[in-house]
Amino acid sequence: MLRSLLLRAAGSRRLRALAEAAPMTRSVVRRFIAGDTIDDGLAAARRLADSGLFATIDVLGEDTTDPGQAERATTAYLDLLAKVPDAGLVGSLDVSLKLTSLGATLPGGAEAAHRNARRICEAAGTVGATVTIDAEDHTTLDQMHGIVDQLRTEFPGIGLVLQAMLFRTPLDARKYAGPGSRVRLCKGAYNEPPTVAWPGRDQVTAAYVAAARTLFEGQGYPMLATHDPELIAAAAVLAADTGRQPGDYEFQMLYGIRTDEQQRLADAGHRVRIYVPCGTDWWGYFVRRLAERPANLTFFLRALVGR
Ligand SMILES: Cc1cc2nc3c(=O)[nH]c(=O)nc-3n(C[C@H](O)[C@H](O)[C@H](O)COP(=O)(O)OP(=O)(O)OC[C@H]3O[C@@H](n4cnc5c(N)ncnc54)[C@H](O)[C@@H]3O)c2cc1C
């Protein structure tokens, strides 16, 4: 119930304006977001690299309703990628894109999002960076997969995200388990109706393990995006069953969440990549983090009222 209310709040422009105007919220938000600028994102990625961790940078933005904004979002990624050599991150960085921030929901949006994502993939190729397309709510996924399929003909290394909570994911996991295919598997962060998604935590966990097994048995590169100890332990079983070594798959976690576990896995020889969000458009991303762990809400509300 609370999760569902919070996820609805993620789309509220009024709450967003209120939160963004309250200076005290900044310190709470900073736990999850590297900073307002792409330089902040790159600096965080650099610090992670110094600790043996990899990064995927998300320039925050989603649900763009303005073509100018889609162009600014694209340019932000191009600027970020141009700075990769100076940041010492050539050959190791990934960038995460939301197609709705590149214009996918505008009229004629599929073409615009494809064009913008293509520009970013080209720029990424020049600095040895990879690109992963985030999964948004279920209504966007057919269009997203269409664009990814088109991009894969030119950029076979492009990755995409699958959400274990969705009923469609077993089929999608089979479709994207082929050679070279980079797939990030997460539980799913959106408020989905029971017609398309498993409602219960145990069901989502079981669906996650099943989809992960499909990916591990396939010939692609699975990226397990989770902080859940049960799923992290399941990865060891899957790796043993399928003969995969660390490096044949990776763990991914979010910036600021379970940082000790991030380091522990990296120190144990695993490849661990951290999702580093940066930018000023943090509301939707931040509220999804509150919804995952309502205890975070208390800190945020205290900060909002200045106590
Ligand atoms: C790299 C990465 C990329 C992602 N990309 C997408 C995407 O494209 N689309 C999408 O729908 N979802 C995405 N997600 C979010 C994902 O779907 C889940 O909502 C999120 O990862 C929480 O699920 P969990 O597997 O960590 O398990 P949970 O059961 O939610 O968490 C397990 C434990 O992790 C810790 N934890 C988890 N979340 C928080 C939090 N917010 N604050 C504090 N502690 C926390 C707690 O200790 C918790 O007990 C992504 C997640 C990661 C890690």
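Looking at 70, 104, 110, can you tell me which residue is touching a helix residue (DSSP H, G or I) at 6+ places or on another chain (Cβ under 9 Å) and open to solvent by 20 Å² or more (accessible area, probe 1.4 Å)?
Among 70, 104, 110, only 110 is touching a helix residue (DSSP H, G or I) at 6+ places or on another chain (Cβ under 9 Å) and open to solvent by 20 Å² or more (accessible area, probe 1.4 Å).
Identify, please: which residue in region 247-282 is touching an Asp or Glu at 6+ places or on another chain (Cβ under 6 Å) and of a type in the set (D, E, K, R) and is, among those, farthest from residue 35 (Cα to Cα)?
Ranking the qualifying residues of region 247-282, first place goes to 271.
Which residues, taken from region 113-127, are open to solvent by less than 40 Å² (accessible area, probe 1.4 Å) and either within 15 Å of residue 147 (Cα to Cα) or not in a helix (DSSP H, G or I) (or both)? Steps first, answer last, please.
Our first condition is that a residue be open to solvent by less than 40 Å² (accessible area, probe 1.4 Å); within region 113-127, this holds for 113-114, 116-117, 120-121, 123-124, 127.
113, 114, 116, 117, 120, 121, 127, listed by residue number.
For region 1-38, enumerate the residues that are modelled with pLDDT of 85 or more, touching a helix residue (DSSP H, G or I) at 6+ places or on another chain (Cβ under 9 Å) and charged (D, E, K, R).
31
Filter region 169-202 down to the residues that are open to solvent by 40 Å² or more (accessible area, probe 1.4 Å), within 22 Å of residue 217 (Cβ to Cβ) and within 13 Å of the ligand (Cβ to nearest atom), then identify the one that is farthest from the chain's Cα centre (by Cα).
198
Just to verify a result, which residue in region 248-295, among those that are free of Cβ contacts under 8 Å to residues at least 60 places away in the same chain and within 9 Å of the ligand (Cβ to nearest atom), is most open to solvent (accessible area, probe 1.4 Å)?
It comes out as 293.
The values are calculated or read from the model by the stated rules, or taken from the named source; none is laboratory data. Computed from a predicted structure; not experimentally measured. Quick reminder, even Gly has a Cβ in these numbers, built from the backbone with ideal geometry, and neighbours come from all protein chains shown. Note: areas computed on protein heavy atoms with side chains; ligands, DNA, RNA excluded. Shrake-Rupley method; radii C 1.70, N 1.55, O 1.52, S 1.80 Å.
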